Structure formats: C-alpha cells, structure tokens
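> Mind looking over this structure? Questions follow.
The values are calculated or read from the model by the stated rules, or taken from the named source; none is laboratory data. Here the structure is a predicted model, which is why all the values come from computation and not from measurement. Here the Cβ positions follow ideal geometry from the backbone for every residue, glycine too, while neighbour counts run over all protein chains shown.
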Amino acid sequence: MKQRCVALLGRRDEPTDAVEEYCQYLGSALEPQGVSFELERFPWCELGWRKAFAEMDRKAGLWKNDWILIQYTALAWSRRGFSMPVLSLVQFFQKCGVRCGVVFHDAQPYEGGRIVDQVRRQLQIYTMREAVRLADLAVLTVPREKARWLPLRARNVVFIPVGANLPSPETAWAARSDGPDRPPTVAVFSLSSDRVGAEEVKTIVEAVCHVSKRIGPVRLVVFGRNAESAEKLLRESLHGMDVELSISGILAAEEVVRVLGKSDVLLFARGPISTRRGSAIAGIACGLPVVAARGRETAAPITEAGVVLIEPGEEFGPALARVLGDPIYRATLAERSRKAQQNYFSWQAIAQQYVSALQGQAATIGKPV
C-alpha cells in the first residue's frame with residue numbers, strides 16, 4: 001500500500017506558480033518510490049479563512065494516516081506577507097491527529113527599512129519559528145546554518161534543495177553545438193520587476209558589453225518572467241553594441257530546456273545564488289556553467305556545480321568573458337553542473353531525501369509510514 005502525502009498550497013501565484021510546479025515534479029518523482037503525492041489548495045483567498053477551514057475540516061478525517069506538507073511562502077498565506085495565519089493551519093492538523101510538515105520555500109524573512117517592513121520581518125520570523133516548533137517536520141530549501149532564525153535545538157528539520165521545474169533537463173546536455181559562425185550565447189532566465197529589474201538589466205548590459213569588447217560578437221537570450229517588459233530598456237541600452245538580442249516571455253517548460261540547451265552559459269542576475277533559486281538551478285540542470293553573485297545563502301551543494309561566483313561589488317563581465325573565451329574551462333564547469341544535477345538537484349535525488357525525511361520523522365513520532 002502506498003503512503004499518501006498531501007501538498008497543501010496557499011494563494012496561487014501569477015502568472016506562473018513555481019511552488020505548484022515544484023509539487024507536481026516532486027509528486028512524479030515520489031510515485032515510483034511508493035509515495036502518492038496529491039496537491040490540495042487551501043482556498044482562503046477565494047472563500048475567506050472560516051469557509052476554507054470548514055471545507056478542510058471535511059477532508060482532514062480522510063488524512064489520519066497521511067502526511068500534510070504545507071507549502072510556505074509568506075505571500076501564499078497573506079496578501080501582504082504577514083504570514084501568521086499559517087500557524088492556525090498547523091495547529092488545526094495537529095488537533096485532527098494528522099502528521100503535518102512545513103516546506104519553507106521562503107527560507108528568509110523579507111527585507112526592507114520601513115517600519116512596516118521591520119514589523120513584517122519580525123512577524124515572519126516568529127511565524128517560521130513557531131511553525132517549526134509545532135510541526136512534525138520542517139523542510140528547509142537552504143542549509144539550516146543559513147536560516148539564522150531557526151532555533152538551535154530544533155530536531156525536526158531537514159535541508160532539501162529545490163530542483164528545476166523542467167521536464168528531462170538532461171536532454172539539453174547533448175544539444176549544444178559549437179559552429180564556427182555561431183556567436184557565444186548568454187542566457188538570462190527571468191528578471192525581477194520594477195526598479196529591481198531595471199538594475200538587473202543594467203548589470204546584464206554591462207556584462208555582455210564587456211564580453212563583446214573582449215572576445216567579439218555575443219548573443220543574449222532573455223526569457224521568462226518580466227523579460228518582455230524589459231525589452232525596450234535592453235534594446236536601448238545595447239544599441240550600437242556587438243550584441244544580438246533575443247527576447248521571449250514565459251515559455252513552456254520544454255521550450256526552456258531547448259533554449260538553455262542551445263546556450264553556453266547562464267547569467268543569473270536576480271540576486272545572490274542559493275539552493276532555493278529555481279531559475280538558477282535550471283541552468284545547472286541543463287548542464288550549463290552559471291555566473292552568479294555570492295550571498296549569505298550561497299553554500300554547498302550549489303557551490304559544487306559549475307558556478308562561477310562573483311563577490312559583492314564585483315562586475316559579472318570578467319567572469320563571463322573567461323567562461324566564454326576558454327572552451328576547456330567552460331567544459332569543466334559544464335561537467336560539474338551535470339554531476340551536481342545527478343547528485344543533488346534531480347527530482348529523483350530530491351524525492352529520495354523526502355522519503356528518508358518522512359520515514360525518519362514518522363519513526364520519531366511513533367506512527368508507521
């Protein structure tokens with residue numbers, strides 16, 4: 001008999017819901033390992049909390065022998081990131097006698113210097129600490145030493161990195177071809193919005209212009225979230241430079257694999273790289289070298305992949321030029337990314353870690369898996 005596990009999702013993210021996609025890929029990988037992984041959405045945003053709880057109360061009785069894994073991002077459980085209501089869910093399932101875990105996709109509280117930001121940050125820290133204390137299992141998507149809010153005595157915590165929300169990214173490993181007339185291709189997968197996105201565009205433009213001046217023509221492929229809204233700024237900034245620009249919006253997952261398979265390097269400009277940044281891990285999964293910034297969450301196993309890390313304050317251009325200008329170095333980095341994908345970031349490897357975690361915590365709380 002298969003063990004059933006239910007992933008409980010909060011408010012849907014638009015235009016794409018990366019957490020829902022994460023659960024779908026994880027579920028497919030858990031199925032061969034004897035775990036049925038079902039997706040359930042808690043409709044607080046549509047029905048209100050009282051009606052949503054009433055609907056959940058009718059289902060909870062069917063889950064007595066199962067695991068409920070609440071998928072936590074602050075905005076999934078609050079429109080403004082005041083995520084305390086998620087604690088009511090954990091307490092609800094505990095009272096129902098259901099094993100409850102929390103998966104922290106947001107592994108850090110939000111930043112910001114305004115008074116409202118400071119209050120929100122403290123409430124998020126309180127919420128995450130209480131969720132760990134109350135839940136049977138807490139899954140972090142960054143190493144536990146990087147979650148400084150985590151109580152030191154917590155024994156129900158495991159670290160499991162996220163994977164790329166892509167189908168068979170390994171097929172991209174053989175897709176690359178180095179033709180004599182083909183300019184080196186830099187891929188950028190997703191941008192932030194508003195002023196943050198404009199700063200990312202500035203960083204990208206400086207990097208590819210540095211490359212074009214050092215090694216010649218270069219092709220820049222930008223796609224995913226906010227790519228189309230940044231097109232005007234990108235084209236204006238690159239005018240007169242020896243850079244061929246290709247812009248696409250949100251692509252089907254299969255098309256993302258195809259685009260990355262024809263690229264030489266992924267430039268990750270959306271802040272420091274870590275084991276919870278799926279758009280960066282997409283490059284690793286597709287066997288690409290990745291040029292990214294180091295940050296407080298940057299640690300193994302992301303550092304075991306073919307990632308060239310830029311220190312705070314440094315520019316991306318020199319590192320990007322070295323990767324594109326040295327085929328042997330680039331091949332070495334690509335091989336490291338392929339190994340990291342196999343060992344840490346493939347959904348099969350992630351599913352195995354989930355099975356071990358669920359079995360281990362079930363034994364600790366004295367309930368069979």
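> Filter the range 107-153 down to the residues that are small (Gly, Ala, Ser) and closer than 25 Å to Phe92 by Cβ and list them by number.
Ala107, Ala131, Ala135, Ala138, Ala147
> Out of all the residues in the range 166-186, is one or more surrounded by fewer than 17 Cβ atoms within 10 Å (Cβ to Cβ), of a type in the set (A, V, I, L, M, F, W, C) and closer than 19 Å to Ala74 by Cβ?
No - not one qualifying residue is present in the range 166-186.
> Only one of (1) touching a residue at least 60 places away in the same chain (Cβ under 8 Å); (2) in contact with a Gly (Cβ under 6 Å, 6 or more places away or on another chain); (3) charged (D, E, K, R) is not met by Glu200, so which one is it?
Of everything listed in (1) touching a residue at least 60 places away in the same chain (Cβ under 8 Å); (2) in contact with a Gly (Cβ under 6 Å, 6 or more places away or on another chain); (3) charged (D, E, K, R), Glu200 misses just condition (2).
> Among the residues of the range 226-249, is there at least one that is within 26 Å of Arg336 (Cβ to Cβ), of a type outside the set (Ser, Thr, Tyr) and assigned by TED's automatic domain parsing to the domain that holds Ile273?
Checked the range 226-249: no residue is within 26 Å of Arg336 (Cβ to Cβ), of a type outside the set (Ser, Thr, Tyr) and assigned by TED's automatic domain parsing to the domain that holds Ile273.
> Go through (1) assigned to a helix (DSSP H, G or I); (2) touching a helix residue (DSSP H, G or I) at 6+ places or on another chain (Cβ under 6 Å); (3) closer than 26 Å to Ala18 by Cα for Ser237 and report which single condition fails.
(3)
> Only one of these conditions is not met by Leu358: (1) loosely packed, with under 15 Cβ neighbours inside 10 Å; (2) assigned by TED's automatic domain parsing to the domain that holds Leu134. Which number is it?
Failed condition: (1).
> Restricting attention to the range 212-232, which residues are surrounded by 15 or more Cβ atoms within 10 Å (Cβ to Cβ) and either among the polar types (S, T, N, Q) or farther than 21 Å from Gly287 by Cα (or both)?
If the condition is that a residue be surrounded by 15 or more Cβ atoms within 10 Å (Cβ to Cβ) and either among the polar types (S, T, N, Q) or farther than 21 Å from Gly287 by Cα (or both), then Ser212, Arg214, Ile215, Arg225, Asn226, Ala227, Glu228, Ala230, Glu231 are the ones that fit.
> Could you identify the single residue in Leu238, Leu251, Leu245, Leu233 that is touching a residue at least 24 places away in the same chain (Cβ under 8 Å) and within 18 Å of the chain's Cα centre (by Cα)?
Details: Leu238 fails: within 18 Å of the chain's Cα centre (by Cα); Leu245 fails: within 18 Å of the chain's Cα centre (by Cα); Leu233 fails: within 18 Å of the chain's Cα centre (by Cα).
Answer to the selection: Leu251.
> I'd like the residue in the range 287-306 that is in contact with a strand residue (DSSP E or B) (Cβ under 9 Å, 6 or more places away or on another chain) and surrounded by fewer than 24 Cβ atoms within 10 Å (Cβ to Cβ) and, out of all such residues, is nearest to Lys202 (Cα to Cα).
Filtering first and then ranking leaves Ala293.
> To continue, here is another question. Six or more apart or on different chains, Cβ atoms under 6 Å: show the pairs whose first residue is in the range 265-286 and surrounded by fewer than 23 Cβ atoms within 10 Å (Cβ to Cβ) and whose second is part of a strand (DSSP E or B) and not small (Gly, Ala, Ser).
Final answer for the pair search is Ser279/Phe189.
> Only residues that are in contact with a strand residue (DSSP E or B) (Cβ under 6 Å, 6 or more places away or on another chain) and either farther than 20 Å from Lys262 by Cα or assigned to a strand (DSSP E or B) (or both): list them for the range 179-212, please.
Thr185, Val186, Ala187, Val188
> If we keep just the residues of the range 45-65 that are buried (at least 16 other Cβ atoms within 10 Å of the Cβ) and of a type outside the set (A, V, I, L, M), which is nearest to Ala18 (Cα to Cα)?
Taking the candidates together, the pick is Cys45.
> Let me ask something else about it. Given the structure, is Arg11 buried (at least 16 other Cβ atoms within 10 Å of the Cβ) and either at pLDDT 95 or above or assigned by TED's automatic domain parsing to the domain that holds Lys64 (or both)?
Yes.
> Looking only at residues that are in a loop (DSSP other than H, G, I, E, B) and touching a Phe, Trp or Tyr at 6+ places or on another chain (Cβ under 8 Å) in the range 1-42, which one is nearest to Ala349 (Cα to Cα)?
Looking at the filtered set, the residue picked out is Gly10.
> Any chance you could count how many residues in the range 99-138 are aliphatic (A, V, I, L, M), over 23 Å from the mean Cα position of the chain (by Cα) and either over 21 Å from Trp49 (Cα atoms) or crowded, with 21+ Cβ neighbours inside 10 Å (or both)?
Total satisfying the criteria: 3.
> Right, next: Please tell me if Lys59 is more than 25 Å from Pro169 (Cα to Cα) and out of contact with any Gly (no Cβ under 9 Å at 6 or more places or on another chain). Break it down stepwise before answering.
Details: more than 25 Å from Pro169 (Cα to Cα): yes; out of contact with any Gly (no Cβ under 9 Å at 6 or more places or on another chain): yes.
It is true that Lys59 is more than 25 Å from Pro169 (Cα to Cα) and out of contact with any Gly (no Cβ under 9 Å at 6 or more places or on another chain).
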